[in-house]
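Notes for the one structure printed next.
The values are calculated or read from the model by the stated rules, or taken from the named source; none is laboratory data. Computed from a predicted model, the values in this text were never measured in an experiment. Positions of Cβ are generated from backbone atoms using ideal geometry, with glycine treated the same way; all protein chains shown enter the neighbour counts.
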Amino acid sequence: MPGALEGTVALVTGASSGIGEATAVALAAEGATLAVAARRRDRLELLEERLGNDTQVLVVETDITDEAAARGMVEATVVEFGRLDIVINNAGVMLLGPIVDAPVEEWRRMVEINLLGLLYTTHAALPHLLQAAETDPRRVADVVNISSVAGRFARLGSGVYNATKFGVGAFSESLRQEVTGRHVRVSLVEPGATATELAGHNRPEVLENIRSTFGSIATMTAEDVAESIVFTVTRPRHVAVNEVLIRPTEQER
């Protein structure tokens with residue numbers, strides 16, 4: 001039985017691990033052709049092997065904080081497969097800690113990846129998504145921006161991460177209003193605590209604080225979040241899931 005996404009092409013950024021990797025696998029299970037992008041080519045090639053011969057896959061080693069590279073990633077996808085129907089803006093970094101005496105380079109990294117990389121990718125993809133929304137098989141296209149609970153609630157020790165994710169939410173809603181009449185759906189997915197590599201890039205003292213805050217609860221898996229993403233992009237043409245806030249049952253905020 002064909003999957004809901006047969007005949008479509010999806011681009012997933014940050015696909016080398018975590019939510020991006022799980023989402024690529026879940027989209028492939030629905031029949032999508034895939035472009036998977038990240039900086040770690042070796043991990044992308046392992047993902048390609050995992051998907052097997054039943055899925056067409058384009059591996060794109062890229063750094064989306066470089067505007068030309070982000071645009072090249074999108075163009076390579078369209079050249080290879082002839083179209084682009086779905087963009088999953090998943091690449092991101094979470095570097096927490098106090099604002100006072102913070103390493104400003106951490107702030108710069110978050111702004112460049114979480115915001116600018118997402119903006120560059122979306123801007124490059126929009127002409128192709130608008131075209132896909134006018135053609136079979138679905139006559140609708142999707143942009144899914146992966147935000148966070150941190151895009152809903154500001155928290156002590158998370159100020160700049162909050163700022164980037166609030167920015168993703170604002171951009172997503174403005175873009176949604178701009179293109180929804182042309183059947184490009186813009187969706188925001190906001191996961192809570194999820195067992196991925198995301199927290200592991202923090203300084204040791206910040207990691208300890210994260211463990212003390214979330215260490216006692218049963219966190220979500222990347223596959224849990226991927227399920228919500230696939231649900232979002234497989235709705236009928238007349239249905240748009242604009243926002244999904246998904247948290248572990250035990251997470252209060």
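Miscellaneous remarks
- Only residues that are closer than 21 Å to residue 93 by Cα, part of a loop (DSSP other than H, G, I, E, B) and more than 14 Å from the chain's Cα centre (by Cα) were counted in region 123-181, giving 7.
- Qualifying residue in region 92-100 (condition: within 30 Å of residue 134 (Cβ to Cβ), surrounded by fewer than 17 Cβ atoms within 10 Å (Cβ to Cβ) and of a type in the set (Val, Ile, Thr)): no
- Only one of 24, 35 that is more than 26 Å from residue 202 (Cβ to Cβ), buried (at least 24 other Cβ atoms within 10 Å of the Cβ) and in contact with a Leu (Cβ under 6 Å, 6 or more places away or on another chain): 35
- Residue within region 145-161 that is under 24 Å from residue 78 (Cβ atoms) and among the hydrophobic types (A, V, I, L, M, F, W, C) present: yes
- Among the candidates 12, 25, the residue that is farther than 15 Å from residue 91 by Cα and either within 14 Å of the chain's Cα centre (by Cα) or assigned to a helix (DSSP H, G or I) (or both) is uniquely 25.
- Residue check, residue 117 over 22 Å from residue 214 (Cβ atoms), surrounded by 18 or more Cβ atoms within 10 Å (Cβ to Cβ) and in contact with a Gly (Cβ under 9 Å, 6 or more places away or on another chain): yes
- Subset of region 182-204 that is hydrophobic (A, V, I, L, M, F, W, C) and not in a strand (DSSP E or B) - its residue that is surrounded by the fewest Cβ atoms within 10 Å (Cβ to Cβ): 195
- Scanning region 41-62 for residues that are part of a loop (DSSP other than H, G, I, E, B) and within 16 Å of the chain's Cα centre (by Cα) yields one hit, 62.
- Some residue of region 212-234 being free of Cβ contacts under 8 Å to residues at least 40 places away in the same chain, under 19 Å from residue 85 (Cα atoms) and in a helix (DSSP H, G or I): yes
- Some residue of region 129-151 being small (Gly, Ala, Ser), farther than 24 Å from residue 228 by Cβ and at pLDDT 95 or above: no
- Note on region 75-115: residues that are under 18 Å from the mean Cα position of the chain (by Cα) and either farther than 25 Å from residue 197 by Cβ or part of a loop (DSSP other than H, G, I, E, B) (or both) total 8.
- Matching residues, region 208-224, being under 23 Å from the mean Cα position of the chain (by Cα) and either aromatic (Phe, Trp, Tyr) or closer than 17 Å to residue 157 by Cβ (or both): 210, 214
- The set of residues from region 63-74 being of a type in the set (A, V, I, L, M, F, W, C) and either within 18 Å of residue 164 (Cα to Cα) or in a loop (DSSP other than H, G, I, E, B) (or both) comprises just one member, 64.
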